[in-house]
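Q: Quick one: structure below, then a few questions.
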Amino acid sequence: MTRFDGLGLAAGPETARIAAFLEEASAGAGPADPAVAITLPPGDDAAAFRLETDEQVVVSCDASVEGVHFRRAWMTWETIGYRAAASALSDLAAMAAAPIGLVVSAALPPELGIETAAALGRGVGEIARRAEAEVLGGDLVASPGPVFLDITVLGRAADPKRRRDARPGDELWVTGELGAAAAALRDLERGLEPDGTARAAFDRPQPRIREARWLAERVDLHAAIDLSDGLLRDARHLAAASGVALRIDASRVPAASPLDGFRRAPVATRLVLAGGEDYELLLAVAPGTMRGTARAFAAAFDLPLTRIGTVSRGEGVRVDGLEGPEVPAGFDHFASDP
């Protein structure tokens, strides 16, 4: 018997899958966040919590659909669960919010048994523990397919960072290096085994939650966005939301090491600027306030922090070093629509 067998649900195949998922997702969970009191854990019609501070609650959700965001042939169920949760948690990082918990909804074909539910739970639990978040509950339904996961994340922040607060004169900075996950996806689509570093970036992306909160405490961070759809597309979102123009120096954008062999080729440019699924952060910071911080950031997180451009009056995104059709657009789910 596991501690989730007493969920208050009638016994049956659905309950067995739910219990297996929750058992694995919660295995090894650390102590609860002292700023949050979970008053109703999984097992009721809804979860409940109470903030012990005067911070704001921050909420986001992210869907992961088989055939769109993942293919079973490319990854394990643990990886599928991990990536789905990491994508949602990255939205909290963009707001410089501390995670509270996750709510997971899943649609699974009936032939996928208890072990599949447990494996998904192991993946979700892995990244939840890293983010110091709890799995609060969710919903499970049978579906003829495709597999569908929807993860809602809840966080807390005194001053949630937004896309719309970039100002003319701000500096543009980016965490980490770009292009590795996109390089892995490109190889997988061609039936090739990706470079090990690229594969790790694709399978186990790291939402920059601690990094964002560390920066928000030390610099005048005006706006932020996570890079899920590619640097240039997400930069356009930030520019549109803030009503400003962004100017990016392509030569300064940090490329991941798996691209070293063809860094100057057009395909490398596309992977770095528009590949997506990096889950790094693009930041608009008040001029001069980052001085000396990049070195401390690198020491604290073993991660580069690079200035790649500026914010000015106007609209849109300009990339120095690229022109016209050479500037890639980034990912758009409905790009082929009329």
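The values are calculated or read from the model by the stated rules, or taken from the named source; none is laboratory data. Just so it is clear, the model here is predicted, and its values are computed rather than measured. Backbone-built Cβ (ideal geometry, glycine too); neighbour counts: all protein chains shown. Just so you know, the surface numbers come from the protein's heavy atoms only, side chains and all, with ligands and any DNA or RNA stripped out. Shrake-Rupley method; radii C 1.70, N 1.55, O 1.52, S 1.80 Å.
Q: Across region 223-263, what is the total count of residues that are surrounded by 21 or more Cβ atoms within 10 Å (Cβ to Cβ), over 28 Å from residue 194 (Cβ atoms) and not aliphatic (A, V, I, L, M)?
A: 1
Q: So how many residues does region 139-162 have that are open to solvent by 20 Å² or more (accessible area, probe 1.4 Å) and within 15 Å of residue 59 (Cα to Cα)?
A: Number of matching residues: 9.
Q: Report the residue count in region 243-276 for those that are of a type in the set (Asp, Glu) and modelled with pLDDT under 95.
A: Of the residues in region 243-276, 1 are of a type in the set (Asp, Glu) and modelled with pLDDT under 95.
Q: In region 163-181, how many are closer than 19 Å to residue 278 by Cα, in a helix (DSSP H, G or I) and open to solvent by less than 70 Å² (accessible area, probe 1.4 Å)?
A: Of the residues in region 163-181, 2 are closer than 19 Å to residue 278 by Cα, in a helix (DSSP H, G or I) and open to solvent by less than 70 Å² (accessible area, probe 1.4 Å).
Q: Moving to a separate point now. Of all residues in region 270-322, which are open to solvent by 10 Å² or more (accessible area, probe 1.4 Å), β-branched (Val, Ile, Thr), touching a Gly at 6+ places or on another chain (Cβ under 8 Å) and more than 30 Å from residue 85 (Cβ to Cβ)?
A: The answer is 310, and nothing else.
Q: In region 182-206, how many are assigned to a loop (DSSP other than H, G, I, E, B) and open to solvent by less than 20 Å² (accessible area, probe 1.4 Å)?
A: Qualifying residue count for the region: 2.
Q: Then there's this: Yes or no: residue 107 among the small types (Gly, Ala, Ser) and assigned to a helix (DSSP H, G or I)?
A: Details: among the small types (Gly, Ala, Ser): yes; assigned to a helix (DSSP H, G or I): no.
Criteria not met by residue 107.
Q: Hey, another quick one. State the number of residues belonging to region 48-58 that are surrounded by 15 or more Cβ atoms within 10 Å (Cβ to Cβ) and either without any contact (Cβ under 8 Å) to a residue 12 or more places away in the chain or within 18 Å of the chain's Cα centre (by Cα) (or both).
A: 1
Q: For residue 86, are the conditions met, namely being in contact (Cβ under 8 Å) with a residue 60 or more places away in the chain, under 19 Å from the mean Cα position of the chain (by Cα) and surrounded by 18 or more Cβ atoms within 10 Å (Cβ to Cβ)?
A: yes
Q: Out of region 59-83, which residues are open to solvent by 60 Å² or more (accessible area, probe 1.4 Å), among the aliphatic types (A, V, I, L, M) and either without any contact (Cβ under 8 Å) to a residue 60 or more places away in the chain or under 17 Å from residue 181 (Cα atoms) (or both)?
A: Once the filter is applied, which keeps residues that are open to solvent by 60 Å² or more (accessible area, probe 1.4 Å), among the aliphatic types (A, V, I, L, M) and either without any contact (Cβ under 8 Å) to a residue 60 or more places away in the chain or under 17 Å from residue 181 (Cα atoms) (or both), region 59-83 yields 68, 73.
Q: Could you say which residue among 97, 25, 107, 29 is in contact with a Gly (Cβ under 8 Å, 6 or more places away or on another chain), surrounded by fewer than 23 Cβ atoms within 10 Å (Cβ to Cβ) and aliphatic (A, V, I, L, M)?
A: After ruling out the rest, the residue left standing is 29.
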